[in-house]
Amino acid sequence: MFPSLSPIIMGILNVTPDSFSDGGQFVSVDAALRQIEQMVADGAAIIDVGGESTRPNAEPVSEAEELQRVIPVLQKAIKEFPESNFSIDTTKYEVARQALDCGAHIVNDVSGLEKEPRFAELCAEFNAIYVLMHSQGDPQTMQKNPTYSDVISEIDQFFDQKIEHLKQVGVDQIVLDPGIGFGKTLEHNTKIIAQLDTFTKKAFPVLVGASRKSMIGQILDGRPTDERLTGTIAVHYHSLMKGAKILRVHDVKEASDSIRIFNAIISHS
């Protein structure tokens, strides 16, 4: 799934009413399937399905509600798009288990095992890929006053500690996500991108998800969410140059174009 040379795209599918960028657009199964079809056609190798918004100050949803949002989509989508890889974006054990039972391949955990340590054993049981993301706090608190003595070294230590645990319980397929915007200031986020090769030097692929995020709006003098595409491409392209292997994006076609350009240029290096 993770080629050594060419980076790949994880397309975002929020089946939520309140996600920061596309909330409410894909809450019906039919709308979700149409969006998946388009993302696959545009070049997404992975579809990341989420039923609970993790934007700053987002209200949590119940397990039952999250299951009702994501499972019907996964049940149909995995059958209709058998060549695609599906990821479940959740911090709830039962949601992840049922998604894997449906045939999902990846658990994308924004809490990095902090909310649900049993994800490690679950991924080992299903031989699933685990996306280990770093965050500070939760959506209700993470942007109130994120503080680090050294954001790069603290994320690095977090990764090393969690990787050791995951390997001990039998999880061999791990993806590292430094968690842009999850308990980080603009300075933290830009430093992470600038020094991303600290993490890409490790033995596991690195995922970067900066798509349409507030850091881009801040840099561009308050640019609204729907006008952050160029900024997103710039951040992600720099991440590719630093060794990122997965881009998690809303705008799949544009990200796919940028990877094609990247591959054409880097083939001469």
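The values are calculated or read from the model by the stated rules, or taken from the named source; none is laboratory data. Small disclaimer: the values here were computed from a predicted structure and weren't measured. Cβ placement follows ideal geometry from the backbone for every residue including glycine, while neighbour counts extend to all protein chains displayed.
Enumerate the pairs (first residue in the stretch 54-65 and surrounded by 12 or more Cβ atoms within 10 Å (Cβ to Cβ) and outside any loop (DSSP other than H, G, I, E, B); second residue anywhere and of a type in the set (K, R) and at pLDDT 90 or above) with beta-carbon separation below 8 Å, excluding pairs fewer than 6 apart on the same chain, so at least 6 apart or on different chains.
Taking only residues 6 or more apart or on different chains, the pairs are E63/K92.
If you check I216, I163, which single one turns out to be surrounded by 19 or more Cβ atoms within 10 Å (Cβ to Cβ) and in a helix (DSSP H, G or I)?
Working: I163 fails: surrounded by 19 or more Cβ atoms within 10 Å (Cβ to Cβ).
Answer to the check: I216.
Can you name every residue in the stretch 236-257 that is touching a strand residue (DSSP E or B) at 6+ places or on another chain (Cβ under 9 Å), assigned to a helix (DSSP H, G or I) and closer than 17 Å to I12 by Cα?
H236, V252, A255, S256
For the stretch 45-53, state whether one or more residues are modelled with pLDDT of 95 or more, farther than 30 Å from I266 by Cβ and not in a helix (DSSP H, G or I). Give the steps one after another, and end with the answer.
Taking the stretch 45-53 first, the residues modelled with pLDDT of 95 or more are 45-49.
From the residues that got through so far, the ones that are farther than 30 Å from I266 by Cβ too are 49.
Now restrict to residues that are not in a helix (DSSP H, G or I): 49.
Yes: one or more hits.
For the stretch 168-190, which residues satisfy the criterion of being over 21 Å from I88 (Cα atoms) and surrounded by fewer than 18 Cβ atoms within 10 Å (Cβ to Cβ)? Working first, answer last.
Step one: list which residues in the stretch 168-190 are over 21 Å from I88 (Cα atoms), which gives 168, 183-190.
If the condition is that a residue be over 21 Å from I88 (Cα atoms) and surrounded by fewer than 18 Cβ atoms within 10 Å (Cβ to Cβ), then Q168, T185, L186, E187, T190 are the ones that fit.
Would you check which residues across the stretch 196-251 are modelled with pLDDT under 95 and polar (S, T, N, Q) and list them?
Result: S214, T225.
Quick one: which of I106, I152 is surrounded by 20 or more Cβ atoms within 10 Å (Cβ to Cβ) and touching a residue at least 24 places away in the same chain (Cβ under 8 Å)? Working first, answer last.
Details: I152 fails: surrounded by 20 or more Cβ atoms within 10 Å (Cβ to Cβ).
So the residue among I106, I152 that is surrounded by 20 or more Cβ atoms within 10 Å (Cβ to Cβ) and touching a residue at least 24 places away in the same chain (Cβ under 8 Å) is I106.
Only one residue in K184, K191, K202 is in contact (Cβ under 8 Å) with a residue 24 or more places away in the chain, in a loop (DSSP other than H, G, I, E, B) and within 24 Å of G231 (Cα to Cα). Which one?
On the way: K191 fails: in a loop (DSSP other than H, G, I, E, B); K202 fails: within 24 Å of G231 (Cα to Cα).
After ruling out the rest, the residue left standing is K184.
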